[in-house]
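The values are calculated or read from the model by the stated rules, or taken from the named source; none is laboratory data. Since the structure is predicted, the reported quantities are computational estimates derived from the model, not experimental observations. Here Cβ is always computed from backbone atoms with ideal geometry, including for glycine, and neighbour counts include all displayed protein chains.
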Amino acid sequence: MSNYRIQGETGEWEVVIGLEVHAQVTSQAKLFSSAATQFGAEPNTQVSLVDAAMPGMLPVVNRECIRQAVRTGMAIDAQINRWSRFDRKNYFYADLPQGYQISQLYHPLVGEGALTIDADEKAGIPEARRIGIERIHVEQDAGKLMHDQHPTMSYVDLNRSGVALMEIVSRPDLTSPAEAGAYVRKLRSILRYVGSCDGNMEEGSMRADVNVSVRKPGEELGTRTETKNVNSVRFVMAVIESEARRQVDLIEDGGAVVQETRLYDPDRNETRSMRSKEDAHDYRYFPDPDLLPLELDDGFLAECRNSLPELPDAKRARYEGELGLSAYNANALTAEVETARWFEELLGETAAAQGKPEKDVAKQAANWLMSELLGALNKIGASLDASPVSPKAGAELLALVGEGTISGSIAKQVLEFMLETGDGATAIVEREGLKQESDTGAIEAEIDKVLEANPDKVEQYRGGKDKLFGFFVGQVMKAMQGKANPQVINELLKQKLG
């Protein structure tokens, strides 16, 4: 467990955190209508008569939305409820034409599950922790209100009205901002692997309601507040720090925390009251009379399970166990599904190009991707998905290094040319004259010159100063403009200095 504490005037306070993550389901149509779900469309161009709550319109469940939610539940080892039901949650919002939201309160589609957040000493997470997930229920989203600068004018966009959401409710198992951040990142990674949500928090397709309370160690749970619609991992962590500090200061000043809904102001890094929930709202839930209960059969559940990909934890374990990658590289390569896909394509192409098993080239491919390509893409502001260098082109470059045609240092130059021109590695090496020199006669001649020019260092080396070996290698490489084969240099130097 995290050792995160808030220091107050009366001592230390623990923070108890629960998250309700709303994830927009990846589907071509809404939960109960055939209207499109494309992000960024012109306002009110993706609205069916059902979404607009026209009289006599009846909802019809989108099978794909249910399938995606079930697959998500399976990915977190959750209980899948074969029988579930939709309820009406009655409340008024200007962007909710029905006057109620169709949700699931009493009988959700997915029951209890969990996910594991990894240890991260630097972030203050000393050990891996399993965070409980209470439920996943499916519900429809509301529309969007846009407010004019004129204080009396607001506009309604119903494009989002009726879009399918998964509400993923954690248990209050999180104890620090770092753990909450790690939980959201891990959940987003799983959703992207499964393909049930794109996880784009900046577009609003994944957002979190952050529940925070404080207590003295060992005491009962305190009164919690809920900060709504937080749309980045950084803001989730900032909300927890800000709200926990506010509650501690309030209690120590003699006040009391009230159960309420709050909003986060990132400009001021503070939460502010939105509406009171001291007396829980009576939403007057009742079973939706227009929708039959959902009943899932064996064939549907089997198809959902068989469609799941290899998930990040399993993939990471395979990378370490079967491919021999370091824990750091395995974790970095599997954190995002796009990176993992790119790496596996690179690995397959590299093994084919060099005629070796994937295990034998895995470290070379992983190190190059992590250390060279991602760093170079970051400098030019490009993502891996938009990389001018394809996995097959990367494998061609690695094959040139593996067969000794170019050195690792020359490969860096070749990569720069590849990113600039889009040309293949072999063509660049030929055109730029970058082929590595392996002629022992030419290399030996340069070694002799270096040794003759540095008799004092030769004497020091032979006297036991072994670290000077790197100096001699560097001088020879410099004399040969970096094109000499390092392995040949090392062998010849050892002979001459020995």
Top-ranked residue of region 450-466 - restricted to ones that are charged (D, E, K, R) and farther than 13 Å from Lys494 by Cα, ranked as surrounded by the most Cβ atoms within 10 Å (Cβ to Cβ): Lys457
Checking Lys435 against (1) under 26 Å from Leu373 (Cα atoms); (2) modelled with pLDDT of 85 or more; (3) of a type outside the set (Phe, Trp, Tyr), the condition it does not meet: (2)
Gly11: surrounded by 19 or more Cβ atoms within 10 Å (Cβ to Cβ) and either touching a strand residue (DSSP E or B) at 6+ places or on another chain (Cβ under 9 Å) or closer than 30 Å to Asp120 by Cβ (or both), yes or no? no
Can you confirm whether region 423-439 contains a residue that is assigned to a helix (DSSP H, G or I) and either farther than 20 Å from Glu396 by Cβ or more than 41 Å from the chain's Cα centre (by Cα) (or both)? no
Looking at region 147-186 only, could you name the residues that are in a loop (DSSP other than H, G, I, E, B) and either of a type in the set (S, T, N, Q) or buried (at least 21 other Cβ atoms within 10 Å of the Cβ) (or both)? Gln149, Thr152, Leu158, Asn159, Arg160, Ser161, Gly162, Val163, Thr175, Ser176
Residue check for Ala393: of a type outside the set (D, E, K, R), closer than 24 Å to Ala362 by Cα, in contact (Cβ under 8 Å) with a residue 24 or more places away in the chain and surrounded by 15 or more Cβ atoms within 10 Å (Cβ to Cβ): yes
Got a sec? Which of Ala327, Ala399, Ala332 is within 26 Å of Leu434 (Cα to Cα) and either surrounded by fewer than 20 Cβ atoms within 10 Å (Cβ to Cβ) or not aromatic (Phe, Trp, Tyr) (or both)? Ala399
Looking at (1) touching a helix residue (DSSP H, G or I) at 6+ places or on another chain (Cβ under 8 Å); (2) surrounded by fewer than 21 Cβ atoms within 10 Å (Cβ to Cβ); (3) closer than 20 Å to Trp13 by Cα, which is the one condition that is false for Val210? (2)
Filtered residue count, region 187-217, keeping only those that are more than 17 Å from Ile251 (Cα to Cα), outside any loop (DSSP other than H, G, I, E, B) and in contact with a strand residue (DSSP E or B) (Cβ under 7 Å, 6 or more places away or on another chain): 11
Which of the numbered conditions does Asn231 fail, given that it passes all the others? Conditions: (1) crowded, with 17+ Cβ neighbours inside 10 Å; (2) farther than 30 Å from Gly204 by Cα; (3) touching an Asp or Glu at 6+ places or on another chain (Cβ under 7 Å). (2)
Of all residues in region 62-80 being in contact (Cβ under 8 Å) with a residue 40 or more places away in the chain and of a type in the set (S, T, N, Q), the one that is nearest to Gln24 (Cα to Cα): Gln68
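In the list Asp95, Asp87, which residue meets the criterion of being farther than 18 Å from Ala23 by Cβ and buried (at least 20 other Cβ atoms within 10 Å of the Cβ)? I'd like the intermediate steps shown before the answer.
Details: Asp95 fails: buried (at least 20 other Cβ atoms within 10 Å of the Cβ).
The unique qualifying residue is Asp87.
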Test for Ala23: is it buried (at least 19 other Cβ atoms within 10 Å of the Cβ), touching a strand residue (DSSP E or B) at 6+ places or on another chain (Cβ under 8 Å) and either outside the structural domain of Asp288 (by TED's automatic domain parsing) or not in a loop (DSSP other than H, G, I, E, B) (or both): yes
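If I ask for residues that are of a type in the set (Val, Ile, Thr) and farther than 22 Å from Cys304 by Cβ, which ones from region 50-69 would you list?
Val50
Run down Ser34, Ser48 and say which single residue is without any contact (Cβ under 8 Å) to a residue 60 or more places away in the chain, outside any helix (DSSP H, G or I) and of a type in the set (Ser, Thr, Tyr).
Only one candidate passes the filter, namely Ser34.
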Checked against (1) part of a loop (DSSP other than H, G, I, E, B); (2) crowded, with 21+ Cβ neighbours inside 10 Å, Glu220 satisfies every condition except (2)
Members of region 407-422 found to be outside any helix (DSSP H, G or I) and without any contact (Cβ under 8 Å) to a residue 40 or more places away in the chain, listed by number: Gly422
Being in contact with a Lys or Arg (Cβ under 6 Å, 6 or more places away or on another chain), in the same structural domain as Pro289 (by TED's automatic domain parsing) and buried (at least 21 other Cβ atoms within 10 Å of the Cβ), is that true of even one residue in region 118-137? no
So which of Gly394, Gly404, Gly424 is in the same structural domain as Ser371 (by TED's automatic domain parsing), farther than 30 Å from Glu336 by Cα and not hydroxyl-bearing (Ser, Thr, Tyr)? Gly404
Regarding region 63-79, can at least one residue be identified that is more than 24 Å from Arg188 (Cα to Cα) and either part of a strand (DSSP E or B) or not acidic (Asp, Glu) (or both)? no
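Determine, yes or no, whether Glu459 is outside any loop (DSSP other than H, G, I, E, B) and in contact (Cβ under 8 Å) with a residue 12 or more places away in the chain.
No, not satisfied.
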Which residue is nearest to the chain's Cα centre (by Cα), if the candidates are limited to region 100-122 and must be within 22 Å of Ala332 (Cα to Cα) and part of a loop (DSSP other than H, G, I, E, B)? Asp118
